[in-house]
1. Mind checking segment 128-168 for trypsin sites (Lys or Arg not before Pro) that DSSP puts in a loop (not H, G, I, E or B) and that have at most 15 other Cβ atoms within 10 Å?
2. Note the full-extension length gain between GLU45 and ALA122 as 0.36 nm times their separation in residues minus their Cα-Cα distance, in nm to one decimal.
3. If I model a spin label at ASN87 and SER142 as a point 7 Å from the Cα along the Cα→Cβ vector, what separation in nanometres do I get?
4. Could you state, as a whole-number percent, how many of the C-alpha pairs of segment 4-87 are farther apart than 22 Å?
5. Where the only charges are on Cβ atoms (+1 Lys, Arg; -1 Asp, Glu), what is the dipole of segment 4-87 about its Cα centre, to the nearest 20 debye?
6. Based only on other Cβ atoms within 10 Å, what is the fewest-to-most ordering of HIS78, HIS141?
7. Taking the Cα-to-Cβ direction at LYS156 and at ARG74 and moving 7 Å from each Cα, how far apart do the two end points lie in nm?
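Any read-out appearing in this document is the output of simple, stated calculations on the displayed coordinates, not a laboratory observation. From a predicted model like this one, the values you see are computed outputs, not experimental measurements. So basically every Cβ, Gly included, is an ideal-geometry build from the backbone, and we count neighbours across all protein chains shown.
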Amino acid sequence: MFSEQELIKECIKGNRKAEKELYDKYNNLFFAICLRYTNSREEAEDILITGFMAIFESLPSYKHQGSFEGWMKRIMVHTAIDHFRVNKKHFADTDIENCQPIEASTMQENIDAKDILKQIHAMPEGYKQVFNLYAIEGYKHSEIASMLEVSEGTSKSQYAKATKWLQCRLQEYKYK
């Protein structure tokens, strides 16, 4: 078992045991991130492998500033976004005009995080990407626009539509 600093040094040297230890330590966390940006486990696995390859390739440039996990997470998120951009460059225009969003205070207490995550995963792709980046990962709309190669206004619009879409989908829990 390596310390974090030793693990980084050994991975830079190409030590397979260290690379496996790093992968084993973080693969579940990063797989969950990849799943948020895809519709299938297979696609998430592809992104995970590509992301870890990018991490190993970028390790020599790691500056030891801030959290190592956070640094790797950013690489994984960018890998997922690159995958999205290359494979699914379109944004949702789902009809949500007739939907009446509910107030959070009127929702039943029986809705839980699992139900919300299930609905986020079911979002149209464009909504899901922007929602994940803004609401979950904490990126600014200007950063999202740059990552997805869209305008900042498109990012804001997609986020607004995503939140309305999510509120409408959660209406079914109102009466449970």
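1. Working: sites: LYS128, LYS140, LYS156, LYS161, LYS164; in loops: LYS140.
Sparse-neighbourhood loop trypsin sites (Lys or Arg not before Pro): LYS140.
2. Separation in residues times 0.36 nm, less the Cα-Cα distance, equals 25.9 nm.
3. 3.2
4. Details: 782 of 3486 pairs.
Here the long-distance tail beyond 22 Å is 22 percent of all Cα pairs in segment 4-87.
5. That gives segment 4-87 a dipole magnitude of about 180 debye.
6. HIS78, HIS141
7. Label-label distance for LYS156 and ARG74, simple model: 2.5 nm.
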